[in-house]
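Everything on this sheet refers to the single structure shown next.
The values are calculated or read from the model by the stated rules, or taken from the named source; none is laboratory data. All figures in this text were calculated on a predicted structure; none of them were measured in a lab. Note: ideal-geometry Cβ built from the backbone for every residue, glycine included; neighbour counts use all protein chains shown. Please note that ligands, DNA and RNA were not included when accessible areas were found on the heavy atoms of the full protein model with its side chains. Shrake-Rupley method; radii C 1.70, N 1.55, O 1.52, S 1.80 Å.
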Amino acid sequence: MDERNKGAWLIHHTNKLQQYSNFHSYDNIALAGKCGILLSVLSCEENSDLTVQKIKGLAKAADISPLELPSLLKRLEEEFLIVQDGKQIYHVLGVTSTNLLTYTTKIFEETEPDKRELAVLELAEITSDKPVSSHVISEYIQDSQAVREGA
């Protein structure tokens, strides 16, 4: 699966996870997806200079809680996707709709996701095209796990 498709699945799954209160088995998907969602709303603004108040409003509209926002902004800064000047103004750096999904994937891969999270994304990609029997899925997961473990 290419990076853009993986990024799209990360954002899709994050939107689904937000409907549940206990999704801690998928924290890396949620982190990367929320970073992608936030980056998306920030980069859609015509002016790339955003005040903290504007960012809070955009985050709220994107269903990102005030408790999550500081850590997500910090993560985007660490990735050099946004930068904050000394006046509480953030600048979005070269993010386009084309590379947004690639950045989301990069953030996900840097979290060192576990096998379950990787399997969820792979299965989403496989089954999005056409229905697949549980037998074929089971074989695919076993084969993928064996390859990852070097068997």
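Would you point out which residue out of Gly57, Gly33 is part of a helix (DSSP H, G or I), touching a His at 6+ places or on another chain (Cβ under 8 Å) and at pLDDT 85 or above? First the steps, then the outcome.
Details: Gly57 fails: touching a His at 6+ places or on another chain (Cβ under 8 Å).
That would be Gly33, the only listed residue that is part of a helix (DSSP H, G or I), touching a His at 6+ places or on another chain (Cβ under 8 Å) and at pLDDT 85 or above.
Scan region 32-42 and give yes if some residue there is open to solvent by 30 Å² or more (accessible area, probe 1.4 Å) and over 20 Å from Pro113 (Cβ atoms), otherwise no.
Yes.
Failed condition for Val83, given (1) touching a His at 6+ places or on another chain (Cβ under 6 Å); (2) surrounded by fewer than 18 Cβ atoms within 10 Å (Cβ to Cβ); (3) in a helix (DSSP H, G or I), with all others met?
Failed condition: (3).
If we scan region 48-61, do we find a residue that is open to solvent by 20 Å² or more (accessible area, probe 1.4 Å), in contact with a Cys (Cβ under 8 Å, 6 or more places away or on another chain) and over 20 Å from Leu121 (Cα atoms)? Can you show your working first?
We begin by selecting, within region 48-61, every residue open to solvent by 20 Å² or more (accessible area, probe 1.4 Å); these are 48-49, 51-54, 56-58, 60-61.
From what is left, the residues that are in contact with a Cys (Cβ under 8 Å, 6 or more places away or on another chain) are none.
Looking through region 48-61, none of the residues is open to solvent by 20 Å² or more (accessible area, probe 1.4 Å), in contact with a Cys (Cβ under 8 Å, 6 or more places away or on another chain) and over 20 Å from Leu121 (Cα atoms).
Can we say Ser71 is open to solvent by 40 Å² or more (accessible area, probe 1.4 Å), free of Cβ contacts under 8 Å to residues at least 12 places away in the same chain, part of a helix (DSSP H, G or I) and of a type outside the set (Asp, Glu)?
yes
Mind listing just one residue for me: the one in region 94-121 that is open to solvent by 50 Å² or more (accessible area, probe 1.4 Å), in contact (Cβ under 8 Å) with a residue 40 or more places away in the chain and not in a helix (DSSP H, G or I) and, of those, nearest to Val52 (Cα to Cα)?
Among those that are open to solvent by 50 Å² or more (accessible area, probe 1.4 Å), in contact (Cβ under 8 Å) with a residue 40 or more places away in the chain and not in a helix (DSSP H, G or I), it is Thr96.
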